[in-house]
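Working notes, beginning with the structure itself.
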Amino acid sequence: MQANGAGQGQDSELSCLNNSAQNGESSSAGEAHTNVNGLSTTNNGNSVSNNDGIPAPAASNNTVSSDANSVKKKKRLSQSEEDVIRLIGQHLHDLGLNQTVDLLMQESGCRLEHPSATKFRNHVVEGEWDKAESDLNELKALMHSPSAIVRMKFLLLQQKYLEYLEDAKVLEALQVLRAELTPLKYNTERIHILSGYLMCSHAEDLRAKAEWEGKGTASRTKLLDKLQTYLPPSVMLPPRRLQTLLRQAVELQRERCLYHNTKLDSGLDSVSLLLDHACSRKQFPCYTQQVLTEHCNEVWFCKFSNDGTKLATGSKDTTVIVWHVNTESHQLKLMKTLEGHAYGVSYLAWSPDDTYLIACGPDDCSELWLWNVQTGELRTKMSQSHEDSLTSVAWNPDGKRFVTGGQRGQFYQCDLDGNLLDSWEGVRVQCLWCLGDTRTVLASDTHQRIRGYNFEDLTDRNIVQEDHPIMSFTVSKNGRLALLNVATQGVHLWDLHDRVLVRKYQGVTQGFYTIHSCFGGHNEDFIASGSEDHKVYIWHRRSELPIAELTGHSRTVNCVSWNPVVPGLLASASDDGTVRIWGPAPFLDVQDAEGLSGTDLFDWSSYFN
């Protein structure tokens, strides 16, 4: 493999020296000593021994020389080996182990960087700007783009100018600005900004306005990092290249890890480089931690609050139960029971600040309840008409408005007191979602589509079109992805920006019941859904096949909700009248853990795109 960048024709000069040092040999005028395949000999041929220290017959110099030449050919370094040695050398240099670097380069016959680059580096670090500028002329012949020299010169002169200003050498700084920077005719806008720094009254003011560390090692090292980006790697390696490669390897392993569900740490100190990254399935929410049995009929909906400290569950038994979540023990405790929903509760929505909770009923329910969760008081009971069907609701991100609607053609925007602010006629709504722009409302309707409605300019547009009814949908936190439960088809992932179907997830049983799925885990890398086969299915977002099937419910699982703050906590609501809380495995032996509910039969990493 050829080295990246310019100066490829000079590889022998830039990378490895064509002399005996390449093979780790050393010689002096007085005596030559050669080590060949564990055989040691001196130049007079009188003393020869093998690895065990046992004397062996003397060998002639010609024989040893021939063997040495043979080894020399075998030890010729490949391009990748040279690259690795240079990367190690750079890392050791950054650690201050310069003698070790010198020995490594001498023994391998490689060169860490071009001599001109070394000079350039030293002059920049020492602040010898005229010499550094002269070095650029030597480096020019080794670069692909001559225009890069202008950009590098600009950066050098900018540092020179700022250092003069900090030292209160205003006349010298002005000379640099007028006679050196301006004639480059490069980045005139930046030159105007630099000229304004002449008005700074003291050094602290200059550093603050220029967002600059000040004269010294810190700013010069930062400058050198910028300058290195213009030089081919065969001339000077990019800064901290080995750490960059290691960090990329760790990040890639994390991305490919099926069960990685913890906050990503871009640093290397938190991981071991001696082992491949692999999260245990026992750390994933695949195991029943608690079964909530307080409802006395089918449980149709469940939703964690935005701060993760509460769970609301709605049931056919006409009640909403609000549970307190202990974010440390992951145990839930009954907090409040909200009663009086005559038709049952099929949908719940927390306000952005979790102060209020809105409850909706099934198709034949024309009422909507807005509860104050802290006090347990009903703030608003809204009904525009007895012919309405208010089955879905979504909060505006401002927390002051919400939209609601149903399949009988009602689509309203209201304030917290239930006053009608706007309405959209003739839209048969199945599910609703408000985007973060506070203007756009997404609504799935009976035409198997999701449309975007703008209540400010009264415009609407088609975003998603399916071939089968959309029973429910939810949107990722960044507003980019939508997760749809499609009748007879299962769970589909759509990109709302590009308006394309990204993935169809397999395994789930979805007929014409309304089942609610969700995004979850750190960075919303996972997807969970209930199913008519009594299971909860979990997928990695990039894999169509489930990574876990959670068993325990005895009837259809209507809804799942992933805790937005505790990534190892998942709730599911079922027609069996229970709510199950799923979490990591208890502290068991591997054999015991493998026997718990949930399946993991294959290495699913091969299914990733």
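Couple of notes before you dig in:
- Given charges at beta-carbon only (K, R positive; D, E negative), |dipole| of region 291-368 in Debye: 200
- Beyond 13 Å, the tail of the calculated P(r) for region 180-242 holds 73 percent of the Cα pairs.
- Viscosity 1.306 mPa s, temperature 10 °C, Stokes-Einstein D of region 452-510 from Kirkwood C-alpha radius, µm²/s: 129
- Largest-first principal axis extents, alpha carbons of region 428-538, Å: 44, 32, 19
- When peptides 284-290, 526-532, 359-365, 189-195 are ranked by their average number of other Cβ atoms within 10 Å per residue, the highest-first order is 526-532, 284-290, 359-365, 189-195.
- Remark: region 216-227, residue by residue, has Karplus-estimated 3J(HN,Hα) of x, 4, 4, 5, 6, 5, 5, 4, 4, 4, 5, 5 Hz, where x stands for each Gly or Pro and the curve is 6.51 cos²θ - 1.76 cosθ + 1.60 at θ = phi - 60°.
- Apportionment of accessible area to carbon and sulfur, region 496-582, percent (1.4 Å): 45
- Dipole-positive endmost among His497, Ile515, Phe455 within region 418-524 (Cβ charges, Cα centre): Ile515
- Extension gain, Ser201 back to Asn523 (0.36 nm per residue minus Cα-Cα distance, nm): 111.3 nm
- Spatial separation of Cα centroids for region 419-486 and region 189-220, in angstrom: 50
- When the solvent-accessible area of region 313-407 is split by element, carbon and sulfur atoms take up 43 percent of it, the probe being 1.4 Å.
- For region 361-406, with +1 on Lys and Arg beta carbons and -1 on Asp and Glu, the positive-most of Ser389, Cys365, Thr375 along the dipole: Thr375
- In order through region 111-127: 3J(HN,Hα) via Karplus (6.51 cos²θ - 1.76 cosθ + 1.60), integer Hz, x for Gly, Pro: 10, 4, 7, 5, x, 5, 5, 4, 4, 4, 4, 4, 5, 5, 4, 7, x
- Looking at region 200-255, the accessible area is 52 square angstrom per residue; that uses a 1.4 Å probe and ignores ligands, DNA and RNA.
- Net dipole in debye of region 177-314 [+1 Lys, Arg Cβ; -1 Asp, Glu Cβ; about Cα centre; nearest 20]: 480
- Note on Lys140: aspartates and glutamates with a C-alpha under 17 Å away, same-chain residues under 8 apart excluded, are Asp11, Glu13, Glu113, Asp130.
- Put simply, when 408-415, 343-350 are sorted by average Cβ atoms within 10 angstrom per residue, most first, you get 343-350, 408-415.
- In terms of distances greater than 20 angstrom between alpha carbons, the cross-link table entries Lys119/Lys226; Lys263/Lys333; Lys263/Lys535; Lys131/Lys160; Lys310/Lys535; Lys336/Lys535 yield Lys263/Lys333; Lys263/Lys535; Lys310/Lys535; Lys336/Lys535.
- Rolling a 1.4 Å probe over the protein heavy atoms leaves Lys140 with an accessible area of roughly 110 Å².
- The magnitude of the dipole of region 429-579, with charges of +1 and -1 set on the Cβ of Lys/Arg and Asp/Glu and taken from the Cα centre, is near 220 debye.
- Classified by the C-alpha gyration tensor, region 131-278 has a prolate form. Its axis ratio a/c, with a ≥ b ≥ c, is 1.5 or above, and a/b is larger than b/c.
- Ordering Thr118, Ser147, Leu136 by Cα displacement along the dipole of region 117-203 toward the positive end leaves Ser147 in first place; charges were set at the Cβ atoms of Lys, Arg (+1) and Asp, Glu (-1).
- Long-range amide H partners of Leu496 with built H, under 5 Å: Leu481, Ala482
- Solvent-accessible area per residue, Å², over region 65-166 with all protein chains present [probe radius 1.4 Å]: 51
- Eigenvalues of the alpha-carbon gyration tensor of region 76-133, scaled by 5 and square-rooted, set the equivalent ellipsoid semi-axes at 24, 13, 9 angstrom, largest first.
- Within a straight-line Cα-Cα reach of under 12 Å, Lys215 can be paired with the following aspartates and glutamates, leaving aside sequence neighbours fewer than 8 residues apart in one chain: Glu126, Glu163, Glu166, Asp167, Glu204.
The values are calculated or read from the model by the stated rules, or taken from the named source; none is laboratory data. Since this is a predicted model, take the numbers as computed values, not measurements. Methodologically, a virtual Cβ is constructed for each residue, glycine included, from the backbone with ideal geometry; neighbour enumeration extends over all protein chains shown. Remember, those area values only see protein heavy atoms, side chains included, never the ligands or the DNA or RNA. Shrake-Rupley method; radii C 1.70, N 1.55, O 1.52, S 1.80 Å.
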